[in-house]
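First up is the structure itself, then whatever we jot down about it.
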Amino acid sequence: MQAAMRAFFDLPMQTKQQVRRSADNAMGYAADELTKQTRDLKEVFDFCRTPHPELPDKHASNRTMDGFNRWPEGQAAMKAYFAEMERCSARLLEAFCVGFGLPARALHPYFEGSHTSFLRLNFYPAAEGQADQIAALQAAGKEPLGVNHHTDAGVLTLLWQDPNEPGLQVLAGDGSWRLVAPVAGALTVNVGDMFQVLTNGRAQAPVHRVLASRPGRRRYSAPFFYNPSPAADIAPQPQFVDSQRPALYRPINWAEFRGRRFAGDYADQGEEVQIAHYRTDAPAAQQAAAAVGAA
Ligand SMILES: O=C(O)CCC(=O)C(=O)O
Ligand SMILES: [Fe+2]
């Protein structure tokens, strides 16, 4: 998978553009992603589950809520890695459930049959290849970053990081950024927004970002985002709700939330949707904005 990832990003831009994503298809290649309405200094390639592998990728039955897959060379290794991540995430979720006092399979119904997980291949080119973008960001008073600060939207993220190229930082309780150093042979695991909602805030999705590559250094990473089925209405589990701690969030339909997040990543469409907008104690204006999205 690592070799396939490096080989893909080494291809000429014209070849990579042949599998580029579009406003109506979130899967594929992009070199213009926005996080918090700021251009990230990276290239990505995203792909998801193929519901009917026996049919062509473009077949109507293979169109998921995120679009359909478009493959470059190296797809066999990428698909094999994806299958391992699916298996690993389901097991890890069971361990998280047990750790939080839930039955091991309590959250499986949100995923079974039609989960919308996707694997993202990230490439952070060396600084000298990004000179124009860095200059533009600096002129706009923005810090050049590989990925701007965010939380992952789904349930769990299993991240492979290049063991020789640190760059991921997490926001600590004291407001400082701390390096999440890669460990060779290990994955970095974090929980996303939907896990925060499911546990009624008991678990917090960590805010993180990635530094831009240094001169002469290229960085690669591969997060697997373990995401629910489109129809899943994610709400605090009853075990985490009582009179002392009422439900902090209204139910969030996954397809709606993910669709609105992608719209924000793809184009500058104003403030990005956040789970805070679904808080039961959110200001009326924010709740109204969330409801408009649902309509
Ligand atoms: O590159 C990394 O280490 C993390 C990337 C990340 O946070 C993301 O793609 O959501
Ligand atoms: Fe992330």
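Could you list which residues have their amide H under 5 Å from that of F111, counting only those 5 or more apart in sequence or on another chain, with H placed in the peptide plane?
Under 5 Å from the amide H of F111: S229.
What residues qualify as long-range amide H neighbours of A203, i.e. H under 5 Å apart, gap of 5 or more or another chain, H built at 1.01 Å from N?
Residues meeting the amide H criterion: none.
Once Lys and Arg get +1 and Asp and Glu get -1 on their Cβ, which of L93, L179, V147 lies farthest toward the positive end of the dipole of the range 86-213?
L93
With a point put 7 Å past each Cα toward its Cβ, work out how far V170 is from A139 in nm, to one decimal.
3.8 nm
How far apart, in nm, are the 7 Å Cα→Cβ label points at S22 and R63?
1.2 nm
Taking amide H positions as placed in the peptide plane 1.01 Å from N, state which residues far from F118 in sequence (5 or more) or on other chains have amide H under 5 Å from it.
Excluding prolines and chain starts, which carry no amide H, the hits are F225, N227.
Would you kindly derive the ³J(HN,Hα) couplings of the range 42-52 from the backbone phi angles with the Karplus curve 6.51 cos²θ - 1.76 cosθ + 1.60 (θ = phi - 60°), listing them in order in whole Hz, with x for Gly and Pro?
7, 10, 9, 9, 10, 8, 10, 5, 9, x, 10
Kindly write out, for the range 242-247 in residue order, the coupling ³J(HN,Hα) from the Karplus curve 6.51 cos²θ - 1.76 cosθ + 1.60 (θ = phi - 60°), rounded to whole Hz, with x marking Gly and Pro.
For the range 242-247, the Karplus curve yields 8, 5, 6, 9, x, 4 Hz.
In what sequence do F123, F257 fall when counting other Cβ within 10 Å, fewest first?
Lowest count first: F123, F257.
With charges set only on the Cβ (+1 for Lys and Arg, -1 for Asp and Glu), what does the dipole of the chain come to about its Cα centre, in debye to the nearest 20?
Roughly 240 debye, rounded to the nearest 20.
Under the Karplus relation 6.51 cos²θ - 1.76 cosθ + 1.60, θ = phi - 60°, what is the ordered set of whole-Hz ³J(HN,Hα) values for the range 193-202, x standing for Gly and Pro?
Each residue of the range 193-202 in turn: 3, 5, 5, 4, 5, 4, 8, 6, x, 4 Hz.
Restricting to lysines 8 or more places apart or on different chains, can you count the pairs in the chain with Cα atoms under 20 Å from each other?
6
If you average over every viewing direction, what projected area does the convex hull of the Cα atoms of the chain give, in nm²?
With every direction weighted equally, the projected area is 16.3 nm².
Counting other beta carbons within 10 Å of each Cβ, put M65, M194 in order, fewest first.
In order of increasing Cβ crowding within 10 Å: M65, M194.
With an 8 Å cut-off on Cα pairs and a minimum separation of 6 or more residues, tell me the relative contact order of the range 53-144 in percent.
15 percent
Helix hunt in the chain: which complete DSSP H runs extend at least 27 Å axially by C-alpha with mean Kyte-Doolittle at least 0.0?
Helices passing the filter in the chain: 75-99.
If you place +1 on the Cβ of every Lys and Arg, -1 on the Cβ of every Asp and Glu, and leave all else neutral, what size is the dipole of the range 1-145 about its Cα centre, to the nearest 20 Debye?
200 debye
Values in this text are rule-based calculations from the coordinates and carry no lab data. What you are looking at is a predicted structure, and each value in this text was computed from that prediction instead of being measured. Glycine gets a Cβ as well: all are built from the backbone with ideal geometry, and neighbour counts include every protein chain shown.
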